[in-house]
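Undergrad: I am attaching a structure below and will ask some questions about it afterwards.
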Amino acid sequence: MMRVTFEEIGPRPDKAYHIEELIAVVMSRQLRNGETVGTGAGSAVARAACRLAQLRQAPDLTFVAGGSGAVNPYLEPLTASSCDYSNLDCEAVLTAADLLSSVASGRVDLFFYGGLQVDKFGNVNLSLLGNDPAHPKLRGPGSAALPFLSLVGRGIIFMTNHHPRSFVDKVDFRTAPGFLEGGESWHTAQIAGLVQGVGPVLVISNLAVLDFEEESKAMRLVSVHPGVTVEQVKAATGFELIIPEIVPTTLPPAQEELRILREIDSKGLL
Amino acid sequence: MSQPSENQEAIWCDLNDAIPLVYFDNTRAILRRARRYLQTSCVGGISKSAGRPINTTNSVLNMMKGALVSNEQSGGNLPPKRPINLEINVAPYPTPVPAPPPLPAAPEDGRTSKQMTLAEAIERYVPDGVESLALGGMHLQNNPMALVRELIRQKKRINSLITSPAASLSADLLIGAALVEEVITSYFGFEHLGLAPAYRRFCQEGRLKVHELDELTLLLALRAGAAGQPFAALPPSIALSDVVTATPHFYTPVQDPFTGKTVLAAPPLRPKVALVVCQQADKRGNAIFKGSTFTDREMILAAETTILQVEQIIPTSQLTRNPMPVTVPGYLVKAVVPAPFSCHPTACHRFYNYDEAHLKEYLELATTAEGFEAYLQKYVLNQGEVEYLGKTSLTRG
C-alpha cells in the first residue's frame, strides 16, 4: 500500500490536501444518518470518514472500530490502528465474537474494505497472488471478515494504489465476493438465498471514483480526482472500464470538511 | 536520574505517552493519593481542568506536575494540608528498568497458587510437538510475547497453530523459528506496517500448510469447541468466497435438518494449550481484562490448558470486592505468569503502546532466514525477559 507519512512531506500547506484526505471526504459523503458502519484493521481513512460524517451530515451514524470493538470512538487524534487502546475512548465496547455475529446477521449496514486486487465485478482478493493457493506467488494477509460481507447492506471498496496489477480482469482468489461473474451470476446467487445485501456499491481509488453498471454489474467510472485524466485511469486499470459520456471531476474537499477532518486527524496521519 | 530507594515512592513517566514505565505494587495507591491531594490541597493545580474527570493516568500526572509548579509559584501560600512523599521524574526514558519487586508470599489459606515463572509454565504445560496451540491478542495488541519467546527458547514444536482472527508478531516468530507444522488463521499481517515476513516466506517456499478461514468461522469453531458441539453451522453467504474451496475441511457441506438445504459446517476447535494475556490476575488465575478482550475469552473457554501472561498480580481480596470485571475464572487457568511489559514490542491495552521502531526492525530483518536468525540471537535466545527489556526502547536513554 502506498502511504506517504507526515514526516516525509512535512506540514501541510493550508489549501492543499492529501489524497488520503480526499478519499476520506469522498467516503464520508456516502454515509447516511442512522446507519451502522463497520471498519477493519489499519483503517484510519475509513474511521476518519465515519467520524467526519458524524460531525457533519450524519450525527446518528454508528461506527465500530473492528479489532478493539469500540463503538463510536472519539478518534481525535486519529491513530493508525482500529485495534489500538486509544479507540476505547468510546460509547461501548463489543467483543470480537459479538461484533462478528452482528455483522453476519446483517446488523451492520455498510462496510469499508480493501484488498490486494479488485476485479471488473467488484470481487476483492486479500488472500494471495498466483493460481495455486498451496504455492502462492505472494501470500497476503488473508480473508479476515471479508468472505461474508456480501451479507452486509452495502460495501465500499477503497484501493490506495490504482494500478493494472491491482485492478484486474479476474481476481486470483475471491476473498470477498462482489458481483461474482457479473449480473446474471449475481441474480442466480440472490435466488439461491446466498446473498442478502446489495453488494459493493462504490470503489474509491487514489485516481478515481467508480461504481457498477446496474445490469451487467461491470465496473464504471464515476469521476476522476482533480488533476487526473480519464486516459490515466484507463491506463491504470487492467480491464475495460465502462466510461460514461461525461466524466466529472471528483468534488474536492470543502474547507469546512477539511477543517473538521484535520481536527479529527490532529497528528497528520492521513 | 536516581534509582528509587525502597521507602521512596517514585513514578517515572514518559511524557510522550504518559504511561508509567515502572509499576510498583503501590503505583495505584500513589495515583489515588495524588488525586486526593490535588483535590483537597492545591487549588492552582486543578483550576484549569476543573470539571473534567480525573480518570486517566495521563491527566493525573499532568495535574501533579501542574500542582507542584503552581505550589512553587504561589510562594508557599498554598502549603499542602498533609505532606506527600512523591517524586515525579520528568525524563523521556528511565534507565534502566529495575526488575519487578518480588511478590509477597501467598496467604496461608490452603489454596494452591498457580503463579510460576515463564520457564516453569512452558516446561510444565506445553509438551514438545503439542497437537494444537492457540495464541491470544489481536493485530499488534496483547500478543503473549514472553510466553512465545520462551517457547522458542525451549524449542517446543507445534503441530497446529491456531491464531486469533488477526495474527501478527507472536505467530510470525514461531513460524520463522520453524516450530510450526500448520497454521489455522484468518488474517496474518502487521496492519499498516506491512505483511508478515516469516509467514510469507514460509508459505511461498511451500514449508507451511495454511488453513485459511474467515474470522467468523474461526470464532464459531472455537465456540463449538467450548460448548462441546459436534460442529458449527455457518451463515450461507460464506459459500461464495474462495476460502471455501481453499480450506474444504473447515467448510464441509451438510444438510440443514430443518429446511433440507445444503449449508456449510466447520469442525470444532479445541486447542490443547492457549496462551493469553490478561492485564491483571490473582495467583489462582482469576483474571481481569483492562481493555478489549479480542477472541481471548473464546480461546480460554475452548482450550484444555490456559497459560496467562499478566502485567500485574493482584491480591484476591482486591477482586472479590468488585468481581464484575473478572471475566476469566481461575478454574479455567492452569498457570499465571507475571511478566510486566512483556507484550513488547506489541502493545498491552491500557498499559503501553506498541514499539513501532522495534517492529520495523523485525520486519526488515525477518524478510530473510539469516536476518530472522540474527533477530532471534539478538532478542530471544540465551537471555531472559529482563535482559530482553533492557535492550528495548523502554530503557534507551
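The values are calculated or read from the model by the stated rules, or taken from the named source; none is laboratory data. The structure presented is a predicted model; accordingly, all values stated were derived computationally and were not measured. Neighbour counts run over all protein chains shown; Cβ positions are idealised from the backbone, glycine included. In case anyone asks, the SASA skips ligands and DNA or RNA and just uses the protein heavy atoms, side chains included. Shrake-Rupley method; radii C 1.70, N 1.55, O 1.52, S 1.80 Å.
Undergrad: For peptide A:101-113, what's the mean number of Cβ atoms from other chains within 10 Å of each residue's Cβ? Before the final figure, lay out the partial values.
TA: On the way: counts 5, 0, 3, 10, 1, 2, 0, 0, 0, 0, 0, 0, 0.
Counting Cβ atoms of other protein chains within 10 Å of each residue's Cβ and averaging gives 2.
Undergrad: Name the residues of segment B:124-170 whose accessible area falls by at least 10 Å² when all protein chains are present instead of the chain alone, probe 1.4 Å?
TA: With the partner chains in place, segment B:124-170 has these residues losing at least 10 Å²: B:Met138, B:His139, B:Gln141.
Undergrad: Using the basic label-point model (7 angstrom from Cα toward the beta carbon), what is the A:Gln255 to B:Glu304 distance in nanometres?
TA: Taking the two extended label points, one gets 6.9 nm.
Undergrad: Now a separate question. Just how large is the dipole of chain A about the Cα centre, in debye to the nearest 20, putting +1 at every Lys and Arg Cβ and -1 at every Asp and Glu Cβ? Intermediate values should be presented prior to the final figure.
TA: Numbers: 22 positive and 30 negative charges, 54 e Å.
Dipole size: approximately 260 debye.
Undergrad: Be a star and scan segment B:147-174 for residues whose amide nitrogen sits under 13 Å from the point 7 Å along the Cα-to-Cβ vector of B:Arg207.
TA: What the label zone holds, given the 13 Å backbone N cut-off, is B:173-174.
Undergrad: Continuing with this model, one more query. Starting from the Cα of B:Lys272, draw a straight line to each of the lysines and keep only those under 25 Å, dropping any in the same chain fewer than 8 residues away.
TA: Cα-Cα hits under 25 Å: B:Lys114, B:Lys155, B:Lys156, B:Lys209, B:Lys283, B:Lys334.
Undergrad: To continue, here is another question. From the helices alone, meaning DSSP H stretches of at least four residues, give me the mean residue ellipticity at 222 nm for chain A, per-run term -39500 (n - 2.57), in deg cm²/dmol to the nearest 500.
TA: Numbers: 7 runs with 61 residues, N = 270.
Counting only the DSSP helices, I get -6500 deg cm²/dmol.
Undergrad: Could you name every residue in segment A:68-92 that has 10 Å² or more less accessible surface in the full protein assembly than in its own chain alone (probe 1.4 Å, ligands and nucleic acids excluded)?
TA: So the qualifying set is A:Ser68, A:Ala80, A:Ser81, A:Cys83, A:Asp84, A:Tyr85, A:Leu88.
Undergrad: For peptide B:241-254, how many partner chain Cβ atoms fall within 10 Å of a residue's Cβ, on average?
TA: 4
Undergrad: Taking a probe of 1.4 Å and counting only protein heavy atoms, give the total accessible area buried between chains A and B in Å², rounded to the nearest 100.
TA: On the way: alone 12720 and 18920 Å², together 28020 Å².
Between A and B, the summed buried area is about 3600 Å².
Undergrad: Under the rule a/c < 1.5 gives rounded, and otherwise a/b versus b/c splits prolate from oblate, where does segment B:126-201 land using the Cα gyration tensor? Before the final figure, lay out the partial values.
TA: Details: a/c = 1.64, a/b = 1.56, b/c = 1.05.
Prolate.
Undergrad: In addition: Please list, by residue number, every one of the chymotrypsin sites (Phe, Trp or Tyr not before Pro) in segment A:33-119 that is coil in DSSP and has at most 15 other beta-carbon atoms within 10 Å. Present the calculation step by step, with values, prior to reporting the outcome.
TA: Numbers: sites: A:Phe63, A:Tyr74, A:Tyr85, A:Phe111, A:Phe112, A:Tyr113; in loops: A:Tyr74.
Counting only loop positions with at most 15 other Cβ atoms within 10 Å, the chymotrypsin sites (Phe, Trp or Tyr not before Pro) in segment A:33-119 are A:Tyr74.
Undergrad: Residues of B:185-197, mean number of Cβ from any other protein chain within 10 Å of their own Cβ, rounded to a whole number?
TA: 6
Undergrad: Could I ask something else about it? When ranked by the protection proxy of mean other Cβ atoms within 10 Å per residue, highest first, what sequence do the peptides B:269-276, A:166-173 form?
TA: Values: B:269-276: 25.6, A:166-173: 20.8.
Per-residue Cβ counts within 10 Å, averaged per peptide and sorted highest first, yield B:269-276, A:166-173.
Undergrad: Just to confirm the filter: which trypsin sites (Lys or Arg not before Pro) across segment B:174-271 are DSSP coil and have at most 12 other Cβ within 10 angstrom of their Cβ? Provide the component values of the computation, followed by the final result.
TA: Details: sites: B:Arg200, B:Arg201, B:Arg207, B:Lys209, B:Arg223, B:Lys261; in loops: B:Arg207, B:Lys261.
Passing both the DSSP loop test and the Cβ count: B:Arg207, B:Lys261.
Undergrad: Carbon and sulfur together cover what percent of the accessible area of segment B:163-312 at a 1.4 Å probe radius?
TA: Working: 2320 of 4550 Å².
That fraction is 51 percent.
Undergrad: For segment B:314-375, run through the GluC sites (Glu not before Pro) and keep only the ones in DSSP coil with at most 15 other Cβ atoms within 10 Å of their Cβ. Mind dumping the intermediate values first?
TA: Numbers: sites: B:Glu356, B:Glu361, B:Glu364, B:Glu370, B:Glu373; in loops: none.
Filter output for segment B:314-375: empty list.
Undergrad: Taking Cα centroids, how far is segment B:277-329 from segment A:60-120 in Å?
TA: If we compute the Cα centre of each part, the gap is 25 Å.
Undergrad: With a 1.4 Å probe and all protein chains left in place, how much of the accessible area of segment A:136-270 comes from carbon and sulfur atoms, in whole percent? Let's see the in-between values first.
TA: Numbers: 3060 of 5670 Å².
Roughly 54 percent, rounded to a whole number.
Undergrad: Restricting to lysines 8 or more places apart or on different chains, can you count the pairs in segment A:3-264 with Cα atoms under 14 Å from each other?
TA: Numbers: A:Lys120/A:Lys170; A:Lys120/A:Lys217; A:Lys120/A:Lys234; A:Lys170/A:Lys217.
Close lysine pairs found across segment A:3-264: 4.
Undergrad: Here's a follow-up. Report the label-to-label distance for A:Lys170 and B:Lys290 in nanometres (one decimal), using points 7 Å from each Cα along the Cα→Cβ vector.
TA: 5.4 nm
Undergrad: What accessible area per residue comes out for segment A:3-264, rounded to a whole number of Å², with a 1.4 Å probe?
TA: 40 Å²
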